[in-house]
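Visitor: The structure that follows is given in the form of C-alpha cells.
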Amino acid sequence: MRIAYVSIDPGIPVFGTKGASVHVQEVVRELLARGHEVTVWTTRRGDRPPADLAGLPVVELPMTAPEEAGPASGAEDAERRERAQRRASDEVVRRLLADGVDLVYERYSLFSTVLARLHEAAATPGVLEVNAPLVDEQRAHRLLVDEAGALAALRAQTGAAAATVCVSEPVRRWVLARTGAARVSTVPNGVDVRRIVPAPPGPGVPVVVFVGTLKPWHGVEDLLRAASLAREPWRLRIIGDGPRRAGLEELAGRLVLRVDFRGPVAPEDVPAHLAGAAIGAAPYPRTDDEDDQYFSPLKVYEYLAAGLPVVASRTGQLPEVLEGLGVLVPPSDPAALAAAIDALAADPARRAALGRAGRARAVARHSWADVVGRIMRLAGVAEAGHG
C-alpha cells in the first residue's frame, strides 16, 4: 500500500531528537516493517536521519514565500506562519492528487486539510493522529490569529478521517468537544521493544535517568531538588536538551550536585545512554487542570522497555500506565520524590522485580507494532499478513 505520511507542523523535524520526532520516526518505521511504501511530506525534514531511515523518501515543503521574506513580529509573523502552513497543505494536496496514494496518515497540525481534501477529491482513506490540543497550546503559549480557521480545519479533518486516534483520553475529550466527530479513539504511544532492551545497572552508586526535552512541564527542577534531599547515595543522568538547560545547570550548581547532563541525543542512540541506569524518573509538575496532563509519555515506555523501575508523578495517564510497575508520588513534591528514589536505590531486589514486570508489560501492550496495528484496524485498513 502506498502511504503518504503528512506532518505540516513546522515545529517538528522528521529527523530530530525531540519526542515528537521520535514518534514520527517510529510510526514510519513500523509502517515500512508492515510492507507499505511510505513517503513523508513535511515542512521540516531535520538533519539527523537514522541509518535505517536514510533512504526514506521525504518531501520537504518551504514555509516562507519569497514575497513574505523579511522582518516581522507579533501578529504579522503569526499570520505569515499560518498562511505558510496552508500553502504547504495546498501543495501536498496538489501533488498527491497528481501522483495518487492509497492512504493518508496525517499527524494533526493547525491548518492542514490534506486528509480531508484527498478524501473529498479521490475518496482516499485517511488516519488523523492527534497528539495534543494544538489550538489551546498555540493560544496559550504562542499566538493564534485565525482560531476559527484552525478549528474549521480540525472539524474537516476529523469528519473525513476513517479513524481519528488520540494519544490520551484528555486529548480525545478535547477533540470530541470541538468537533463532535464519531470515529475518535484513544491509542497511547508505544516503544520499540527490539531497539530498547534491558541492560544491567552499572557498578557502584545507582544512576537515576531522565529522558526528554528540558522544558518547564517536565519537572526536572523538582528532580534536582529531590537529589539535594536524598538520604541514600544515587546520581542523576539527564538525557536531552531544551530551553531550560542553562537554568537547570545553574540550579544543580547552587544545590552542589554533580549531574551528568548528556545533551541532545539522537533517538537511535538513546538505548546506549540508558545503559547502566538503575531507575527512570518522570517528575511531571502539578497543573491547575487534570486535563492539562494530556501527554502519553514516550520516556516512560522507554524506561519500561529498558527494564527500569519508574518513579513518576501521580498525574495524567501515569497511574494507569504504571500500575504495579513503579512508584507514584504527588506532583511538585521533591521530598516525596527523594524518598521514593531513596527506597528503590536501597533495594536492588525490588528494582529488579519491577524492571522485569515493566519489560514484560512493554512487550505485551506497548510495542509500536501493537500501536500501529490497532490504528490500522480502527481505520478499517486491510493489511496482507496482519489480520
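Visitor: If I ask for residues that are touching a residue at least 12 places away in the same chain (Cβ under 8 Å) and within 24 Å of residue 74 (Cβ to Cβ), which ones from region 150-168 would you list?
Guide: Step one: list which residues in region 150-168 are touching a residue at least 12 places away in the same chain (Cβ under 8 Å), which gives 150-151, 153-168.
Hits for region 150-168 are 150, 151, 153.
Visitor: Please specify each residue of region 57-75 satisfying the condition of being modelled with pLDDT of 90 or more and either exposed (fewer than 11 other Cβ atoms within 10 Å of the Cβ) or not hydrophobic (A, V, I, L, M, F, W, C) (or both).
Guide: Just the residues of region 57-75 that are modelled with pLDDT of 90 or more, to begin with: 57-61.
Once the filter is applied, which keeps residues that are modelled with pLDDT of 90 or more and either exposed (fewer than 11 other Cβ atoms within 10 Å of the Cβ) or not hydrophobic (A, V, I, L, M, F, W, C) (or both), region 57-75 yields 57, 60.
Visitor: Return yes when residue 74 is in contact with a Gly (Cβ under 8 Å, 6 or more places away or on another chain) and over 20 Å from residue 158 (Cα atoms) and no when it is not.
Guide: On the way: in contact with a Gly (Cβ under 8 Å, 6 or more places away or on another chain): no; over 20 Å from residue 158 (Cα atoms): yes.
The answer is no for residue 74.
Visitor: Now for a separate question. Could you count how many residues in region 110-130 are crowded, with 22+ Cβ neighbours inside 10 Å, not in a strand (DSSP E or B) and not β-branched (Val, Ile, Thr)?
Guide: Count: 7.
Visitor: From 257, 248, 224, grab the single residue that is more than 19 Å from residue 297 (Cα to Cα) and not in a helix (DSSP H, G or I).
Guide: When all the criteria are applied, what remains is 257.
Visitor: Just checking, which of 43, 39 is under 27 Å from residue 139 (Cβ atoms), polar (S, T, N, Q) and assigned by TED's automatic domain parsing to the domain that holds residue 134? Outline the logic, then answer.
Guide: On the way: 39 fails: under 27 Å from residue 139 (Cβ atoms).
Every option except 43 fails the conditions.
Visitor: Could you please find all residues in region 308-336 being hydroxyl-bearing (Ser, Thr, Tyr) and either under 19 Å from residue 359 (Cβ atoms) or not assigned by TED's automatic domain parsing to the domain that holds residue 231 (or both)?
Guide: If the condition is that a residue be hydroxyl-bearing (Ser, Thr, Tyr) and either under 19 Å from residue 359 (Cβ atoms) or not assigned by TED's automatic domain parsing to the domain that holds residue 231 (or both), then no residue fits.
Visitor: From 156, 182, 177, which residue is closer than 27 Å to residue 13 by Cα, of a type in the set (A, V, I, L, M, F, W, C) and surrounded by fewer than 22 Cβ atoms within 10 Å (Cβ to Cβ)? Walk me through it before giving the result.
Guide: Numbers: 182 fails: closer than 27 Å to residue 13 by Cα; 177 fails: closer than 27 Å to residue 13 by Cα.
Sole residue among the options that is closer than 27 Å to residue 13 by Cα, of a type in the set (A, V, I, L, M, F, W, C) and surrounded by fewer than 22 Cβ atoms within 10 Å (Cβ to Cβ): 156.
Visitor: Take region 216-260 and flag every residue that is of a type in the set (Asp, Glu) and either modelled with pLDDT of 95 or more or out of contact with any Gly (no Cβ under 9 Å at 6 or more places or on another chain) (or both).
Guide: Taking region 216-260 and keeping what is of a type in the set (Asp, Glu), we get 221-222, 232, 241, 249-250, 260.
221, 222, 232, 249, 250, 260, listed by residue number.
Visitor: Quick one: residue 145 ticks every box in (1) surrounded by 22 or more Cβ atoms within 10 Å (Cβ to Cβ); (2) at pLDDT below 95; (3) of a type in the set (Val, Ile, Thr) except a single one, so which number is it?
Guide: Against the list (1) surrounded by 22 or more Cβ atoms within 10 Å (Cβ to Cβ); (2) at pLDDT below 95; (3) of a type in the set (Val, Ile, Thr), residue 145 comes up short only on (1).
Visitor: Picking from 78, 54, 116, which residue would you name as being over 30 Å from residue 240 (Cα atoms) and either among the small types (Gly, Ala, Ser) or at pLDDT below 95 (or both)? Give the steps one after another, and end with the answer.
Guide: Values: 78 fails: over 30 Å from residue 240 (Cα atoms); 54 fails: over 30 Å from residue 240 (Cα atoms).
After ruling out the rest, the residue left standing is 116.
Visitor: Out of the residues in region 224-273 meeting the condition of being within 20 Å of the chain's Cα centre (by Cα) and acidic (Asp, Glu), tell me which one is nearest to residue 311 (Cα to Cα).
Guide: Only one residue tops the list, namely 241.
Visitor: Take residue 21 and tell me if it is of a type in the set (S, T, N, Q) and out of contact with any Pro (no Cβ under 6 Å at 6 or more places or on another chain). It would help to see each step written out before you state the result.
Guide: Values: of a type in the set (S, T, N, Q): yes; out of contact with any Pro (no Cβ under 6 Å at 6 or more places or on another chain): no.
Taking the combined requirement at face value, the residue does not satisfy it.
Visitor: Tally time: how many residues in region 4-37 are of a type in the set (A, V, I, L, M) and either surrounded by fewer than 22 Cβ atoms within 10 Å (Cβ to Cβ) or over 14 Å from residue 105 (Cβ atoms) (or both)? Walk me through how you get there before you give the answer.
Guide: Let us first name the residues in region 4-37 that are of a type in the set (A, V, I, L, M), namely 4, 6, 8, 12, 14, 20, 22, 24, 27-28, 31-33.
With either surrounded by fewer than 22 Cβ atoms within 10 Å (Cβ to Cβ) or over 14 Å from residue 105 (Cβ atoms) (or both) added as a condition, the list becomes 12, 20, 22, 32-33.
Qualifying residue count for the region: 5.
Visitor: Looking at region 199-235 only, could you name the residues that are free of Cβ contacts under 8 Å to residues at least 12 places away in the same chain and surrounded by 15 or more Cβ atoms within 10 Å (Cβ to Cβ)?
Guide: none
Visitor: Among the listed residues 147, 120, which satisfies the condition of being farther than 30 Å from residue 373 by Cβ and touching a residue at least 12 places away in the same chain (Cβ under 8 Å)? Working first, answer last.
Guide: Working: 120 fails: farther than 30 Å from residue 373 by Cβ.
Within the list 147, 120, the selection yields 147.
Visitor: While we're here: Take the residues in region 200-215 that are at pLDDT 95 or above and part of a loop (DSSP other than H, G, I, E, B), then tell me which one is nearest to the chain's Cα centre (by Cα).
Guide: 206
Visitor: Can you tell me which residues in region 170-199 are hydrophobic (A, V, I, L, M, F, W, C) and assigned to a loop (DSSP other than H, G, I, E, B)?
Guide: Applying the first criterion (hydrophobic (A, V, I, L, M, F, W, C)) to region 170-199 yields 171, 174-177, 181-182, 184, 187, 191, 193, 196-197, 199.
181, 182, 187, 193, 196, 197, 199, listed by residue number.
Visitor: Same structure, new question: Taking the conditions exactly as written (small (Gly, Ala, Ser) and surrounded by fewer than 22 Cβ atoms within 10 Å (Cβ to Cβ)), does residue 161 satisfy them or not?
Guide: On the way: small (Gly, Ala, Ser): yes; surrounded by fewer than 22 Cβ atoms within 10 Å (Cβ to Cβ): no.
Taking the combined requirement at face value, the residue does not satisfy it.
Visitor: Are any residues in region 108-154 closer than 23 Å to residue 382 by Cβ and not hydrophobic (A, V, I, L, M, F, W, C), and if so, which ones?
Guide: Initially, region 108-154 is screened for residues closer than 23 Å to residue 382 by Cβ, giving 114-116, 118-129.
Within region 108-154, 119, 120, 124, 125, 126, 129 qualify.
The values are calculated or read from the model by the stated rules, or taken from the named source; none is laboratory data. What you see is a predicted model, and the numbers here were worked out from it, not measured in a lab. In this analysis, Cβ positions are derived from the backbone assuming ideal geometry, glycine residues included, and neighbour counts consider all displayed protein chains.
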